[in-house]
Amino acid sequence: MSTAAGERGGNAEDRTGHWSGIAQAYAASFASLCHGGVPGLLDAAEAAAGAGGLMGRRLLDVGTGTGAVAAEAVRRGAAVTAVDPDPELLTLGAAAFEGPTLLAALPDLPFGDASYDVVVAGFVVNQLGDPRAGVRELVRVASTAVAVTIWPSGPRPSATLLEETLRRAGAQPPPGTRLPAELDFERSVPGLGALLQEAGLADVVTAELRFPWRIAPQTWWTGIAGGVGVVGRTYLAQDDAGRARLRAAYDDVVGERLADQARQGRSGTELDLDEVAVVAAGRHP
């Protein structure tokens, strides 16, 4: 799910419980944004794994969510185990692929050292209460390679749109949505690379991932109204008048975006957003 720099995205990976009751809203909305990073994440994992890529490798998908990463890894020949800390999300993930699933959360995975050849985590590190501890745990249970994706700081179309929505509505995110400075890391290509290097990985390769995200405004709103992400928690924290202001602001911002798209000869009914993420992968030395 999309988060801005320094935000704790509300994932139960950090045991805050913010996923409780919102799995379906996430699956219907923000999940498709995260799915855009799946090919790049697994391409990076294959490169770090070396000869043969993921074929026949034991792969652990941490924070599987709707199971998109796990399903694609199976198609690439991996023997996949998937974990997630939320029971509802784990049910969705289990339906997406053939393989074992388990309730588990970073930074305490219930596996021994080097239990899996490859460990991947798609848009999980953004959401941890202690990102360094989480990445160290990913590295601990991997024998060969680790690959992760994050949302970077700086402007991204979806994040910018939501930030403008909150600004116009005069809505402030609830407390606890930002990490303390001593626990945070630089949400960037070099920052993510440094995080993996600090955890002990070698030959770390990082890159930007760019991909389109297209979503109907009402579909996206379903996730916001369902409490997904910082913007969703902000919405739910409002009184009735505040929620009405936030919805009106969203409609205005989205309407302006659609009108701009139409002037460019693009869709005037679906948001057409060119998204960017960061991927990093490394090998055990």
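The values are calculated or read from the model by the stated rules, or taken from the named source; none is laboratory data. Just so it is clear, the model here is predicted, and its values are computed rather than measured. No Cβ is skipped: glycine too gets one built from the backbone with ideal geometry, and neighbour counts run over all protein chains shown.
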Screening 215, 150 for residues that are farther than 29 Å from residue 241 by Cα and not small (Gly, Ala, Ser) leaves only 150
Do we have residue 137 as touching a Pro at 6+ places or on another chain (Cβ under 6 Å), modelled with pLDDT of 95 or more and not hydrophobic (A, V, I, L, M, F, W, C) here? yes
What are the residue pairs meeting all of these: first residue in segment 142-159, first residue assigned to a strand (DSSP E or B), second residue modelled with pLDDT under 95 and buried (at least 24 other Cβ atoms within 10 Å of the Cβ), Cβ atoms under 8 Å, and 6 or more apart or on different chains? 150/126
When the residues of segment 140-164 are filtered to those that are more than 20 Å from residue 106 (Cβ to Cβ) and of a type in the set (Gly, Ala, Ser), which remaining residue is modelled with the lowest pLDDT? 154
Six or more apart or on different chains, Cβ under 9 Å: which pairs go from a residue in segment 268-280 that's over 11 Å from residue 207 (Cβ atoms) to one that's basic (Lys, Arg) and assigned to a strand (DSSP E or B)? Could you list them? 270/214; 271/214; 272/214; 273/214; 274/210; 275/210
Selection from segment 183-231 of residues that are touching a helix residue (DSSP H, G or I) at 6+ places or on another chain (Cβ under 9 Å), over 18 Å from residue 157 (Cβ atoms) and either in a strand (DSSP E or B) or β-branched (Val, Ile, Thr) (or both): 203, 204, 205, 206, 207, 222
Those residues of segment 239-267 which are under 26 Å from residue 153 (Cβ atoms) and touching a residue at least 40 places away in the same chain (Cβ under 8 Å), in sequence order: 246, 249, 250, 252, 253, 254, 257
Checked against (1) small (Gly, Ala, Ser); (2) touching a residue at least 24 places away in the same chain (Cβ under 8 Å); (3) surrounded by 14 or more Cβ atoms within 10 Å (Cβ to Cβ), residue 194 satisfies every condition except (2)
Residues of segment 165-185 being surrounded by fewer than 17 Cβ atoms within 10 Å (Cβ to Cβ) and at pLDDT 95 or above, in sequence order, are 167, 168, 170
